[in-house]
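To keep things clear, I will list the structure first and then write my remarks on it.
The values are calculated or read from the model by the stated rules, or taken from the named source; none is laboratory data. No experiment lies behind these values; they were computed from the predicted model shown. Heads up, the Cβs are rebuilt from the backbone with ideal geometry, glycines too, and the neighbour counts pull from every protein chain shown. We work out accessible area using only protein heavy atoms, side chains counted, and drop any ligands, DNA or RNA first. Shrake-Rupley method; radii C 1.70, N 1.55, O 1.52, S 1.80 Å.
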Amino acid sequence: MPRASALPSPASTAALVRRRSPVRPRLALVLGSGFGGVAGAVTAASRFAFRDLPGFPVGRVPGHAGELILGEWQGIPVAVLAGRAHHYEGFDFAEIGHPVRVLAALGVETLLLTNAAGGIHPRLLPGTFMAIADHINFMGTNPLRGPVPPGRERFVDLSAVYDAGLRSALKGAAKDCGVPLREGVYLAVPGPSFETPAEIRAFRTLGADAVGMSTVPEAIVARQCGLRVAGLSCITNAAAGLGDGTVSHAEVLEMARTVSDRATALVGGFVRRHGGLAWPGMASRCSVPQ
Ligand code: HPA
């Protein structure tokens with residue numbers, strides 16, 4: 001695995017993308033499990049396999065195709081990272097953060113991070129969605145460890161990682177679409193094993209509402225790059241010890257498939273509202289598969 005210093009400069013990868021695509025997105029979406037349908041909703045102008053983008057980590061989890069899509073959705077230029085690499089696959093945090101640095105170098109200003117998560121809060125039942133209000137980094141490391149990239153800060157403020165205005169846009173989109181959305185704290189573990197019931201009880205005590213294995217590294221890097229960040233979890237299962245039986249990846253994928261249309265509608269509503277934030281006056285209606 002390359003160390004941060006061995007990664008190509010984000011600006012050089014961004015320049016390669018710019019040479020091959022006319023799309024100039026200010027908004028980017030990272031698609032986790034449950035949100036893969038978004039990739040099909042975007043009118044793609046250019047597609048880049050992660051393996052063709054220098055420094056991009058190529059993940060191997062089923063359901064995480066690695067592709068950067070540049071195109072248009074809801075009349076708004078967007079960049080979509082369809083599929084992401086996880087720490088548990090062996091990638092270090094610097095590698096996981098690289099695509100976010102490339103997006104920033106491309107001119108992206110707003111990043112929506114999506115994921116699948118286990119529900120800890122009693123009201124976060126499987127099939128519901130949570131706007132991430134804050135996170136707890138339980139992954140045991142930090143993506144900003146190591147050399148400080150030129151022009152970036154070493155000690156990044158994380159007092160408000162998830163932008164309040166974007167959270168309102170998510171809530172508005174949920175209303176538009178009739179999709180219930182709660183707000184809560186996402187706790188990130190390294191994985192890949194699921195948690196024990198005792199760990200989940202401990203996480204509840206710590207203030208976590210949902211648990212997952214991603215998002216936090218990207219969110220921290222995004223804040224270092226000065227991006228506005230939103231986070232959205234699809235609750236695919238009850239966290240360990242809270243449901244009827246065991247927790248499995250098959251169950252996560254199954255629920256992700258079940259709610260895929262609603263996830264796509266919710267993100268579409270967010271994109272439209274984001275357009276409305278950027279250019280007031282844009283409509284914010286949405287018709288949703290319930
Ligand atoms: N734990 C950790 N990660 C997850 C879970 C979970 O229960 N569900 C989906 N991703």
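Overview of values
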| read-out | value |
| --- | --- |
| Where chymotrypsin sites (Phe, Trp or Tyr not before Pro) fall in DSSP loop in segment 102-170, at most 16 other Cβ within 10 Å | Phe155 |
| Once exposed loop trypsin sites (Lys or Arg not before Pro) are cut out (DSSP; at most 13 other Cβ, 10 Å), longest piece of the chain | 155-284 |
| Sulfur and carbon atoms: percent of accessible area, the chain [1.4 Å] | 52 |
| Charge context of Leu53, other residues only, Cβ under 14 angstrom, K/R +1, D/E -1 | +4 |
| Length-normalised contact order for segment 63-136 - Cα pairs under 8 Å, 6+ apart - percent | 17 |
| Heavy-atom accessible area per residue - segment 176-219, 1.4 Å, Å² | 38 |
| Lys, Arg +1 and Asp, Glu -1 on Cβ, resulting dipole of segment 113-193 about Cα centre, debye, nearest 20 | 80 |
| Debye, to nearest 20: dipole size of the chain, +1 on Lys, Arg Cβ, -1 on Asp, Glu Cβ | 780 |
| Cβ-based charge dipole, the chain, positive-most Cα from Gly83, Leu124, Pro99 | Pro99 |
| Antiparallel %, DSSP beta bridges [both residues in the chain], to 5 | 35 |
| Antiparallel DSSP beta bridges within segment 96-213, percent to nearest 5 | 15 |
| Listed residues Gly212, Gly36, Gly241, most fluctuating in the chain (Gaussian network, C-alpha, under 10 Å) | Gly241 |
| Charge tally in the Cβ shell below 12 Å around His135, where Lys, Arg are +1 and Asp, Glu are -1, His135 excluded | -2 |
| Proximal charge balance of Ala104 [Cβ under 14 Å; K/R count +1, D/E count -1] | +4 |
| Relative contact order computed over segment 30-163 (Cα-Cα under 8 Å; 6+ residues apart), in percent | 24 |
| 3J(HN,Hα) from dihedral phi, segment 67-83, Karplus parametrisation 6.51/-1.76/1.60, rounded to Hz, x for glycine, proline | 8, 9, 10, 10, x, 10, 8, 6, x, 10, x, 9, 10, 10, 9, 8, x |
| Charge dipole (debye, nearest 20) of segment 56-208; +1 at Cβ of Lys and Arg, -1 at Cβ of Asp and Glu | 320 |
| Mean Kyte hydropathy of -0.5 or more with a Cα span along the axis of at least 15 Å, helices from DSSP in the chain | 10-20, 93-106, 164-177, 260-278 |
